[in-house]
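For reference, the structure discussed in these notes is given below.
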Amino acid sequence: MPQPYPQQGYGPPVVIDVGKANGRKAIIGSVVAGVIGLIALVSGLAGAVDGGAGIGIVVIIIGILFLLPAIFTIARRNTVFRQQLLVFEANGVRWDDPRGAPWAVPWTELAAVSISKHSPKQIGPESLSDKLAGAASDKIAGERAHVRLDLFPADPGFAGRHPERAHLWERQGVRNGYRLPLGGNVKFIPLIAGAMGRFAPSIYRGVNATEGMMGLS
């Protein structure tokens, strides 16, 4: 696991708890969808829906669909709620992910750092469960947008020195750089901007806001 850099008197590190924030959003979405799903499922099974057996079956199916996000969150709880820290400090930036793929990069090895904020557009009909759960999640947890940290190497030898970051190379459409997805919490943006302004203002390139369909693998 990459080791933290020695401090050089530029203030304490800025630590962003990505895992905790994304886990909280997953809980909110799952609880909202789960409550709606349970109400629909119980109503359908109890025959408390007007329109006969056919409508009751449809309501039961809708209830099951609403329950799927909660089931998925529970099934993948070890992944959804694992520790993931993005740390900015005097000599560089690092990703602390003990059960994933941690890495650390000095500022001197980077030519530029920017933030990508992508607001996806819905193409085609959006399911009722997505609309309701999404609206409730937005109300409680804030705006939905894909936030990514983009890092661009200063020299061609970067890839050879940092093979642990190969999975981030040109990810999700970034060109000639590494992209770290940070989930849908736009509150990360001012924290990252402030950290870059403190530790590496000369290579910070600001926020690149986009909208539409884009690869999110």
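Data table
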quantity: Odd one out for Gln172 among (1) modelled with pLDDT under 90; (2) closer than 22 Å to Tyr204 by Cβ; (3) part of a loop (DSSP other than H, G, I, E, B); (4) not acidic (Asp, Glu); calculated: (3)
quantity: Candidate set from region 153-194 (those that are aromatic (Phe, Trp, Tyr) and more than 17 Å from Thr210 (Cβ to Cβ)); member that is surrounded by the fewest Cβ atoms within 10 Å (Cβ to Cβ); calculated: Trp169
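The values are calculated or read from the model by the stated rules, or taken from the named source; none is laboratory data. Note that the structure is a prediction, hence the values are computed from the model and not measured. Reconstructed Cβ throughout: ideal geometry from the backbone, glycine too, with neighbour counts over all protein chains shown.
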